[in-house]
1. Provide the FRET efficiency to the nearest 0.05 for the Lys147-Glu72 pair, computing r from the beta carbons and using R0 = 22 Å.
2. Give me the extension gain from Asp135 to Val107: residue separation times 0.36 nm, minus the current Cα-Cα distance, reported in nm with one decimal.
3. Under the rule a/c < 1.5 gives rounded, and otherwise a/b versus b/c splits prolate from oblate, where does the range 58-115 land using the Cα gyration tensor?
4. I need the peptides 88-99, 50-61 ranked by packing, meaning the mean over residues of other C-beta atoms within 10 angstrom, with the highest value on top.
Amino acid sequence: MKPCFAELYLTWYTCSVGERTKSPARQNEQSERFESQGKRAPAIFFRTEAGGEPVRDWLKGLAPEDRKRIGEDIKTVEFGWPVGMPMSRPLGGGIHEVRTNLGQNRVARVLFYIDKIGRMVLPHGFIKKTQRTPDEDLVLARSNKSKHERGT
């Protein structure tokens, strides 16, 4: 079976970007490496205190073609930040959304914010069922953002 782009990207991402940084010097080294790759805002998954990564887990539960579309849209934002409509939209409080149209009239949203060192942190993702972004999804993303900023 031939690996798809999303799987290759996820493997590369896990190995090179998903590592926790140890020191500010290492963070600067990492940001220089991303700039040389053309990424303006490298994406990282929000990690809970227990070590879980809710967006990564959510993505793993989706169909491969959906994961691929969402991954491509996240990649577009990584390389093109700041990006506006129709790819991305600010939701207030520093939270933005990556907007992905999936098959069968479904719409996915991955909420993110840009942290102090310019990374695109992904705290929450969901399939939209209504026109408005549900308040509980925004509350969860803001809660995860504040946890990440506190370092917990």
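1. After rounding, the FRET efficiency stands at 0.20.
2. That pair, Asp135 and Val107, stretches by 8.4 nm at full extension.
3. Prolate.
4. The peptides rank, most packed first, as 88-99, 50-61.
Each reported figure results from applying straightforward, stated rules to the coordinates on display, with no laboratory input. Treat the numbers as computed from the prediction; the structure is a model and nothing was measured. Don't worry about glycine lacking a Cβ; one is built from the backbone with ideal geometry, like all the others, and counts go over all protein chains shown.
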